[in-house]
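Reviewing the structure listed below.
Bear in mind that the values in this text are calculations on the coordinates, not laboratory data. Since the model is a prediction, treat every value here as computed from it, not as a measurement. Cβ placement follows ideal geometry from the backbone for every residue including glycine, while neighbour counts extend to all protein chains displayed.
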Amino acid sequence: MVAGHGDLRIPIILSPMIDAQKLRDELAALLGAECVIGTAPDMAPFLTDWRGRYTGRALAVLRPGSTAQVAAAVRWCAAHRIAMVPQGGNTGLVGGATPDEGGAAVVVSTRRLDRVRHVDLANDTITVEAGCLLQQVQESARSHGRLFPLSLASEGSCTIGGNLASNAGGTQVLRYGNARELTLGLEVVRADGSIWHGLRGLRKDNSGYDLKQLFIGSEGTLGIITAATLRLFALPRSRVTALVALPDLGAAIRLLQRARAQAGASLTAFELMSGIAVDLVARTLPRQRRPFAQAHPWMALLEWSDQDEAEHTQQRCERLCSAALEAADALDAVVSTSLADCAAMWRLRESIPEAQARAGGNVKHDISLPLEAMEAFVTEAGQALALACPRLQVVAFGHLGDGNLHYNVGPRDGVDAAEAFALEAVVNDIVFGAVQRHGGSFSAEHGVGQLRRALAQHVKDPLELEMMRSIKRALDPVGLMNPGKVI
């Protein structure tokens, strides 16, 4: 049997029809009754993705409480040819952690693997289990006087295992890198149930292939991450945020270049928001007020964090804004004078997804582009969408510092959101066609999952796809790990 569409050549050798109750009974005997969920109402939250786009079926939901239990469950499933869908917080946006409608798989939830195992202050590392919430890891690091810099809007509900499986990015990639760069070691249960004990906290280990990188970003298709050793950093002594109004996207890129030159490693974040996105927040969320007296085409949110005194950091940020105003690359600017100011500015940026949801949703695109191509892409795609879909509008925002743009297309004010979804294929063809022409990627940080799997087969280099299939065959030869995702 071959999974998916096209010539993927990834075998999925499933068990003949198995009695679901017998499966649940045997797994309960193996793991304990508290580890197995089998009733429809109790399984329901695990079977639908965060956006409500995908709802599947499962034989059972397994909730192991230790790495040994994960390994035992995987060995049992491998022996009985039962497919497994690893799941963390189920906050992904591409359907990567939910089962399909076939109902022949089990969901393996890692949420009960929620211990902070060790904090090594001398080595600046923290070792945590995969089910720890991202916020929990941040708070644990902070309680020890350290910073874990991965930061996402869903940090109160997403898990470290899911963050690593999707190579999460977030708002501080510019300075600290993606989840990949923050990881020193992993513990992984492989597709046959064996455990790879790779929790090394070494900065240098040139003794062979860097195996952890195979599992980071693999979306659970190669194995189940059960724990990780992560990098920590010194807590900054000062934090200053600036909101800058811009005339066009070119000015945003010039401001980014100026900020990098002046701030260096102190530049923690550089976020971009279109005027349409900010206006949508102001219209749909009454608690959010407009940051400037008049509307502007674009805005940038900059954050500096440093070991200097706050006053010195603030002065440096003000000089940057003044220089941008003098060069006409900025139309207006405001610099925070307190942590409350910083929080208010970030709330504006972080409220955009909620505002879009309240407007009825949109066709989402998580793309990355070379910075030198960003302005040309936005112009080309915007003009094509205006001609093909005049009742829709682009709500663009994202992490300009690392070339990641959330280029979402939704309804104009007064238009039903159903029109956007009815035109999804047209919108995707325009956006992804322009992304390809400008040398970008169709997925910057959300992953492939189910949503972009067909697109990946169409646009990725055939040799890259075959290399990925070779890795999949080597680590999951029976094809039981998260089938129907990525490849």
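State whether the range 293-404 is rounded, prolate or oblate according to the following rule on the C-alpha gyration tensor (a ≥ b ≥ c being the square roots of its eigenvalues): a/c under 1.5 gives rounded; otherwise a/b larger than b/c gives prolate, and the remaining case gives oblate. Numbers along the way, then the final one.
On the way: a/c = 2.17, a/b = 1.69, b/c = 1.28.
Prolate is the answer for the range 293-404, as a/c is 1.5 or above and a/b outweighs b/c.
Beyond 39 Å, how much of the Cα-Cα pair distribution for the chain remains, as a whole percent? Can you show the working numbers first?
Values: 30210 of 118341 pairs.
When all Cα pairs of the chain are counted, 26 percent exceed 39 Å.
Mind pulling the per residue volume of the convex hull built on the Cα atoms of the range 234-359? Å³ is fine. Display every interim value, and only then the final one.
Values: hull volume 12.7 nm³, N = 126.
Enclosed volume per residue, from the Cα hull, is 101 Å³.
Would you grab the residues whose amide H sits under 5 Å from the one on Leu186? Only those 5+ places off in sequence or on another chain, please, with H modelled 1.01 Å from N.
Gly198, Leu199, Arg200, Thr229
Could you list His197, His406 so that the one with the fewest beta carbons within 10 Å of its beta carbon is first and the one with the most is last?
Least crowded to most crowded, the residues run His197, His406.
Counting other Cβ atoms within 10 Å of each Cβ, which chymotrypsin sites (Phe, Trp or Tyr not before Pro) in the range 405-451 have at most 14 and sit in a DSSP loop?
Numbers: sites: Tyr407, Phe421, Phe432, Phe442; in loops: Phe442.
Qualifying residues, ordered by number: none.
By how many nm would the segment from Leu463 to Arg289 grow when fully extended, if each residue of separation counts as 0.36 nm and the alpha-carbon distance is taken off? Write out the running numbers ahead of the final one.
Working: separation 174, 0.36 × 174 = 62.64 nm, distance 5.00 nm.
Gain on stretching Leu463 to Arg289: 57.6 nm.
Going toward the positive end of the dipole of the range 116-234, with +1 on Lys and Arg Cβ and -1 on Asp and Glu Cβ, which of Ala234, Ser207, His144 do you reach last?
Of the listed residues, the answer is Ala234.
In the structure displayed, which of Lys364/Lys485; Lys364/Lys472; Lys212/Lys364; Lys212/Lys485; Lys212/Lys472; Lys460/Lys485 lie more than 25 Å apart, Cα to Cα?
On the way: Lys364/Lys485 18 Å; Lys364/Lys472 28 Å; Lys212/Lys364 30 Å; Lys212/Lys485 20 Å; Lys212/Lys472 14 Å; Lys460/Lys485 15 Å.
Check vs 25 Å cut-off fails for Lys364/Lys472; Lys212/Lys364.
Which angle from 0 to 90°, rounded to the nearest 10, does the C-alpha axis of helix 424-437 make with the longest principal axis of the chain?
Between the helix axis and the principal axis of the chain, the angle is about 70 degrees.
Picking from Val459, Ala376, Val395, whose Cα lies most toward the positive end of the charge dipole for the range 348-487 (charges on Cβ: Lys, Arg +1; Asp, Glu -1)?
Sorting the options by dipole projection puts first Val459.
Which value at 222 nm does the chain reach when only helices count, each DSSP H run of 4 or more adding -39,500 (n - 2.57), with the total divided by all residues and rounded to the nearest 500 deg cm²/dmol? Could the numbers behind the result be given before it?
Details: 17 runs with 176 residues, N = 487.
Rounded to the nearest 500, the figure is -10500 deg cm²/dmol.
In vacuum, with every alpha carbon of the range 116-234 counted as one equal point scatterer, what does the Debye formula give for log10 I(q)/I(0) at q = 0.09, 0.11, 0.14, 0.19 Å⁻¹? Two decimals, please.
Listed by q, the Debye log ratios stand at -0.21, -0.31, -0.52, -0.98.
Given points 7 Å out from each Cα along the Cα-Cβ axis, report the Glu380 to Ala282 separation in nanometres with one decimal.
Once both label points are built, they end up 3.2 nm from each other.
For the range 365-378, what does the Karplus curve 6.51 cos²θ - 1.76 cosθ + 1.60, with θ = phi - 60°, yield as ³J(HN,Hα) per residue in whole Hz, taken in order and with x for Gly and Pro?
Working through the residues one at a time gives 9, 10, 10, 10, 9, x, 4, 5, 9, 4, 5, 5, 4, 4 Hz.
Expressed as a whole number of Å, what is the distance separating the alpha-carbon centroids of the range 139-184 and the range 99-125?
Measuring centre to centre over Cα atoms gives 14 Å.
Convert each backbone phi in the range 408-423 into a coupling constant with the Karplus relation 6.51 cos²θ - 1.76 cosθ + 1.60 (shift: θ = phi - 60°), then list the ³J(HN,Hα) values in order as whole Hz, x for Gly and Pro.
Here the 3J(HN,Hα) series is 9, 10, x, x, 5, 4, x, 9, 5, 4, 4, 5, 5, 6, 5, 9 Hz.
When the Cα atoms of the range 359-446 are enclosed in a convex hull and the volume is divided per residue, what value in Å³ results? Let's see the in-between values first.
Values: hull volume 7.3 nm³, N = 88.
Each residue corresponds to 83 Å³ of Cα convex hull volume.
So how tilted is helix 134-143 from the main axis of the chain? Cα-based, degrees 0 to 90, rounded to 10.
For helix 134-143, the angle is close to 70 degrees.
Calculate one ³J(HN,Hα) per residue across the range 221-230 by plugging θ = phi - 60° into the Karplus curve 6.51 cos²θ - 1.76 cosθ + 1.60, and present them in order as whole Hz with x for glycine and proline.
With coefficients 6.51, -1.76 and 1.60, one gets 8, 10, x, 10, 5, 10, 6, 8, 9, 10 Hz.
Give me the angle, in degrees from 0 to 90, between the Cα long axis of helix 275-284 and the longest principal axis of the Cα atoms of the chain, rounded to the nearest 10.
Once rounded, one gets 70 degrees.
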